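Worksheet: the structure to be examined is printed underneath.
The values are calculated or read from the model by the stated rules, or taken from the named source; none is laboratory data. Quick caveat, the model's predicted, so the values are computed rather than measured. Ideal geometry is used to build each Cβ from the backbone, glycine not excepted, and the neighbour counts take in all protein chains shown. What goes into the accessible areas is simple: the full protein's heavy atoms, side chains included, and nothing from ligands, DNA or RNA. Shrake-Rupley method; radii C 1.70, N 1.55, O 1.52, S 1.80 Å.
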Amino acid sequence: MQVFRVIKNGNYCVMSNYHLKDKKLSLAAKGLLSIILSLPDNWTFNINGLCSITDIKPYTIKKIIQELKDNQYLIVNKKNDTNGRFIYEYLVYECNSINPNYKENSPEYELPYLVAPQLVNDSLYKYTYNNLDKIDKTKLNLCFITEHLIDRNFIKVNDIELFGYDDYFRKLLDQHDVRDIYRTVTYSMNHMIKNKFKDEDGNEINNKLTYFISSVERNLKKLESFGEELWPSD
């Protein structure tokens with residue numbers, strides 16, 4: 001094999017090859033972490049920014065970021081800024097062993113409760129389902145929009161439709177701008193809460209997920225039609 005290299009007098013970076021030799025990391029995770037490590041320290045870290053410099057879809061970026069979190073190369077802290085809005089602080093580690101929370105082969109990173117129990121063992125199923133609300137939602141690898149609905153008490157971690165919401169949001173992120181999704185989801189959620197989960201005729205909503213998806217889809221279309229103008233009341 002012949003390797004043709006360039007003279008490193010500019011446009012290059014120096015990084016440890018520790019993560020490149022980590023067999024637990026996928027090739028995609030090694031590549032994204034290498035890109036992140038090549039960025040200047042003052043680069044504003046966010047999903048849209050990574051999408052723009054890698055040409056990778058947001059859902060895929062989020063999956064890779066979750067892999068880096070699971071392997072302790074990345075910590076994401078949710079904080080409030082000076083205006084009280086939620087912001088995310090990303091702590092990136094060139095070597096996961098320098099992560100202050102590093103635990104080698106820790107059972108904390110194993111998720112046995114995500115393995116679907118056999119339905120014949122009804123008692124095991126009931127125990128698993130009824131105790132979902134005691135599980136840290138960050139370990140369920142949920143979409144950040146799903147977590148937003150949980151934080152607003154719109155749905156609960158033990159909601160039987162939890163992953164129905166999550167799958168829907170992941171598909172939306174491949175089709176629409178994240179800002180439009182967040183705007184319409186928040187609007188639809190607030191609208192349903194304000195109406196005490198009743199439809200336009202004042203009847204109780206029997207299937208909250210179906211009604212919610214329908215509302216979000218309608219408002220996404222309105223947003224496309226009206227642009228930056230507020231869409232009509234739903």
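Let's see how each residue does on (1) open to solvent by 60 Å² or more (accessible area, probe 1.4 Å); (2) assigned to a helix (DSSP H, G or I); (3) over 23 Å from Asp180 (Cβ atoms):
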| site | (1), (2), (3) |
| --- | --- |
| Leu20 | yes, yes, yes |
| Leu37 | no, yes, yes |
| Gln72 | no, no, yes |
| Ile87 | yes, no, no |
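Restricting the first member to region 28-57 and to residues that are closer than 20 Å to Tyr12 by Cα and of a type in the set (Lys, Arg), and the second to residues that are modelled with pLDDT of 85 or more and not in a helix (DSSP H, G or I), the beta-carbon pairs closer than 9 Å and six or more apart or on different chains are Lys30/Asp22.
Yes/no matrix, rows are residues, columns are (1) open to solvent by 70 Å² or more (accessible area, probe 1.4 Å); (2) over 29 Å from Asn77 (Cα atoms); (3) hydroxyl-bearing (Ser, Thr, Tyr); (4) in a helix (DSSP H, G or I):
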site	(1), (2), (3), (4)
His148	no, no, no, yes
Phe154	no, no, no, no
Val157	no, no, no, no
Tyr165	no, no, yes, yes
Thr184	no, no, yes, yes
Asp201	yes, yes, no, no
Asn219	no, yes, no, yes
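Of all residue pairs spaced 6 or more apart or on separate chains, those with beta-carbon atoms under 7 Å, a first member in region 194-208 that is under 19 Å from Arg152 (Cβ atoms) and a second member that is in a loop (DSSP other than H, G, I, E, B) and among the aliphatic types (A, V, I, L, M) are Phe197/Ile205; Lys198/Ile205.
Would you point out the residue of region 1-20, among those that are β-branched (Val, Ile, Thr) and at pLDDT below 70, that is farthest from Leu39 (Cα to Cα)?
Filtering region 1-20 for residues β-branched (Val, Ile, Thr) gives 3, 6-7, 14.
Add one more test, that the residue is at pLDDT below 70, and what stays is 3, 6-7.
Details: Val3: 25, Val6: 20, Ile7: 20 Å.
Ranking the candidates gives Val3 first.
Counting only residues that are in a helix (DSSP H, G or I) and exposed (fewer than 14 other Cβ atoms within 10 Å of the Cβ), how many does region 39-56 have?
4
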